1. How many residues does the stretch 109-168 contain that are of a type in the set (Gly, Ala, Ser) and either touching a strand residue (DSSP E or B) at 6+ places or on another chain (Cβ under 9 Å) or closer than 30 Å to TYR77 by Cα (or both)?
2. I'm trying to understand the selection: among the residues of the stretch 105-126, which are over 26 Å from the mean Cα position of the chain (by Cα), surrounded by 11 or more Cβ atoms within 10 Å (Cβ to Cβ) and not charged (D, E, K, R)?
3. Could you grab me the full set of residues in the stretch 130-144 that are open to solvent by less than 30 Å² (accessible area, probe 1.4 Å) and assigned to a strand (DSSP E or B)?
4. Going by the conditions given, is GLU92 within 23 Å of the chain's Cα centre (by Cα), of a type in the set (D, E, K, R) and within 30 Å of PHE132 (Cβ to Cβ)?
5. Among the residues of the stretch 16-33, which ones are open to solvent by 100 Å² or more (accessible area, probe 1.4 Å) and at pLDDT 90 or above?
6. Kindly indicate which of GLU70, GLU102 is outside any loop (DSSP other than H, G, I, E, B), farther than 30 Å from LYS10 by Cα and open to solvent by 100 Å² or more (accessible area, probe 1.4 Å).
7. Select from the stretch 45-61 the residues that are within 28 Å of VAL99 (Cα to Cα) and touching a residue at least 24 places away in the same chain (Cβ under 8 Å) and list them in ascending order.
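The values are calculated or read from the model by the stated rules, or taken from the named source; none is laboratory data. Note that the structure is predicted; figures quoted are calculated from it, not measured. Note: ideal-geometry Cβ built from the backbone for every residue, glycine included; neighbour counts use all protein chains shown. We work out accessible area using only protein heavy atoms, side chains counted, and drop any ligands, DNA or RNA first. Shrake-Rupley method; radii C 1.70, N 1.55, O 1.52, S 1.80 Å.
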Amino acid sequence: PTNSLESFFKLVFALCLLLQVGCLSLLWLHLPWWQLSLLGMVTIGLTSWFFYELAQRVLTSFRRASVQLEALQNQDYNLLAKSTFTAGKVAEFHQQLNVLGESLQEYKSHYDQQSFLLYRLIDQLNTPILVFDHRLQLSYANNAFADLFGRPWQSLRNASPSLLGLQA
């Protein structure tokens, strides 16, 4: 892709190299060839090293953020990505990702507590209660389910309402 950060780094690097070659060509008349060659190797070497290090640090920041976002999508809120920079926008971005992970962990913990209480309440009821997930598959039922269907609900886990003789 031409509209990417990597392409932008390459373009700026190429422009810097062209600028350096242009400056070196202006010195062609004033310096001996060996001094010009040495100066060219040093400046081009330093520029190459600088751009390589810059690109690696920036791309490492994005890779770390990507790994953390993937962990958040998989509901793993314990992974905290350390920024390659200790200050500035990249560090702020990583800090925001860490805060997001912490708040999602807190939300999930609260949700899990509420679910646990709800399932305990369902277990206390004598009336058969069936819980279906978003795909309309049986995901939980209380002990009264066995009285109605003659077997534990776990044996019919993921069953559809129609398979159980119910209408959705």
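1. Keep residues of the stretch 109-168 that are of a type in the set (Gly, Ala, Ser), which gives 109, 115, 139, 141, 144, 146, 150, 155, 159-160, 162, 165, 168.
Subsequent filtering for residues that are either touching a strand residue (DSSP E or B) at 6+ places or on another chain (Cβ under 9 Å) or closer than 30 Å to TYR77 by Cα (or both) retains 109, 115, 139, 141, 159-160, 168.
Selection size over the stretch 109-168: 7.
2. SER115, LEU118, TYR119, LEU121, ILE122, LEU125
3. We begin by selecting, within the stretch 130-144, every residue open to solvent by less than 30 Å² (accessible area, probe 1.4 Å); these are 138, 141-142, 144.
Those that are open to solvent by less than 30 Å² (accessible area, probe 1.4 Å) and assigned to a strand (DSSP E or B): LEU138, ALA141.
4. Working: within 23 Å of the chain's Cα centre (by Cα): yes; of a type in the set (D, E, K, R): yes; within 30 Å of PHE132 (Cβ to Cβ): no.
Here the answer is no, as GLU92 does not meet what is asked.
5. Restricting attention to the stretch 16-33, the residues satisfying the condition of being open to solvent by 100 Å² or more (accessible area, probe 1.4 Å) are 18-19, 26, 28-30, 33.
If the condition is that a residue be open to solvent by 100 Å² or more (accessible area, probe 1.4 Å) and at pLDDT 90 or above, then LEU18, LEU19 are the ones that fit.
6. GLU102
7. LEU54, ALA55, ARG57, VAL58, LEU59, THR60, SER61
So that you can scan it fast, the table gives a plain yes or no per residue for (1) out of contact with any Phe, Trp or Tyr (no Cβ under 9 Å at 6 or more places or on another chain); (2) within 30 Å of LEU59 (Cα to Cα):
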position: THR86; (1), (2): yes, yes
position: LYS89; (1), (2): yes, yes
position: PHE93; (1), (2): yes, yes
position: ASN98; (1), (2): yes, yes
position: HIS110; (1), (2): yes, no
position: LEU117; (1), (2): yes, no
position: ARG120; (1), (2): yes, no
position: ILE129; (1), (2): no, no
